[in-house]
Amino acid sequence: MDSIHAFFLGVVQGLTEFLPISSSGHLLAFHEITNAGIFDSLRFDAALHVGTLVAIIVYFWRDVVEIVQGFFRSLRSWQVKTDAKQKQAWTVIVGSIPAGIAGMLGEKWIEDNTRNLWLVVITLVIGAVAFWLAEVWSRRQQQHAEVSYATAWVVGLAQVLALIPGISRSGATIVAGLGRKLDRVAAARFAFLVSIPVVTGAGALKLTDIIRGNPSSAEVFNVVLGVVTSAVVGYIAIRFLLKFVQRHSLSAFAWYRMIAAGALVVYLLVR
């Protein structure tokens, strides 16, 4: 059954990492409800981020190349005011700093104190309310697609909240972008790009932990299966969300979060 669980966890990760409904919250619920026999749920879930990282890099390949080029060009000649690629590179770096620091300093505390389904219920509801408020706010503002350093920092701070199960990295960062008057598409694109450095670091560390733990061949197969599945499903989810937000608000995801929270409450009360 482990391989079946690994496959479905990959599907869950691929969908919920990019749709603003929280991958960590859904993975935690999946583990508790199914009692999946994955050898280490925390490490396995983190390893799945490698798959969604691959999905982001493949989908935004041109942007990633431009960001890397802009970064190295800025080291030779600092022209962020006139060079759009340099500015894009440094807005991504600025937006990655808060979550990177929080992850390094508080990862252990977060893992020990936030893996609770009642907390997921609360954060799902909070996220839903935040979506509705952000939509009301954004409709009253003149929206644009320019990401300033201040906006990047605010989005980065929002990304810290995504360390809590149920919040959603994409959801928190998109809401922050809308709050800074970005249009939905620009907010979603930057939300994905700013997650790359943090997800890269977290995924690499967890994969290293798994390798050091001398996993069995079956465990290695499950990790590879989950990672590949999350990459394929994640790519599809990115395409869907970017097209969806062009014409639709986040309200559909807000309603989903409320329904999911209600379903979890029923489960917790009757289990």
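Pairs linking a residue in the stretch 128-139 that is in a helix (DSSP H, G or I) to a residue that is aromatic (Phe, Trp, Tyr), with Cβ atoms under 9 Å and 6 or more positions apart or on different chains, are Ala128/Phe253; Ala128/Trp255; Ala128/Tyr256; Phe131/Phe253. Taking the stretch 121-152 only, how many residues are closer than 21 Å to Gly100 by Cβ and buried (at least 17 other Cβ atoms within 10 Å of the Cβ)? The total comes to 3.
Applying the condition of being surrounded by fewer than 22 Cβ atoms within 10 Å (Cβ to Cβ) and more than 20 Å from Glu66 (Cα to Cα) to the stretch 181-200 and asking which residue is nearest to the chain's Cα centre (by Cα) yields Asp183.
Note on the stretch 219-248: residues that are free of Cβ contacts under 8 Å to residues at least 60 places away in the same chain and part of a helix (DSSP H, G or I) total 6.
I'm checking my understanding of the structure. Among residues of the stretch 201-218 that are of a type in the set (Gly, Ala, Ser) and either closer than 30 Å to Val136 by Cα or not in a helix (DSSP H, G or I) (or both), which one is farthest from the chain's Cα centre (by Cα)? Within the stretch 201-218, the match that is farthest from the chain's Cα centre (by Cα) is Ser216. Scan the stretch 105-120 for residues that are surrounded by fewer than 16 Cβ atoms within 10 Å (Cβ to Cβ) and assigned to a loop (DSSP other than H, G, I, E, B) and the total you get is 1. Here is a check on your reading of the model: is Gly100 part of a helix (DSSP H, G or I), under 15 Å from the mean Cα position of the chain (by Cα) and buried (at least 23 other Cβ atoms within 10 Å of the Cβ)? Judged against the criteria, Gly100 is not a match. Would you confirm, using the coordinates I've provided, whether Ile164 is over 17 Å from Leu15 (Cα atoms), part of a loop (DSSP other than H, G, I, E, B), aliphatic (A, V, I, L, M) and at pLDDT below 95? So Ile164 passes the test.
Within the stretch 141-165, no residue that is without any contact (Cβ under 8 Å) to a residue 24 or more places away in the chain and among the β-branched types (Val, Ile, Thr) sits with its Cβ atom under 9 Å from a residue that is surrounded by fewer than 24 Cβ atoms within 10 Å (Cβ to Cβ) and outside any loop (DSSP other than H, G, I, E, B) at 6+ positions apart or across chains.
What tally of residues in the stretch 205-234 results from selecting those that are surrounded by fewer than 20 Cβ atoms within 10 Å (Cβ to Cβ), of a type outside the set (Val, Ile, Thr) and modelled with pLDDT of 85 or more?
Adding up the residues that qualify gives 2.
The values are calculated or read from the model by the stated rules, or taken from the named source; none is laboratory data. Just so it is clear, the model here is predicted, and its values are computed rather than measured. Because the Cβ atoms are built from the backbone with ideal geometry, glycine has one as well, and the counts that use them run over all protein chains shown.
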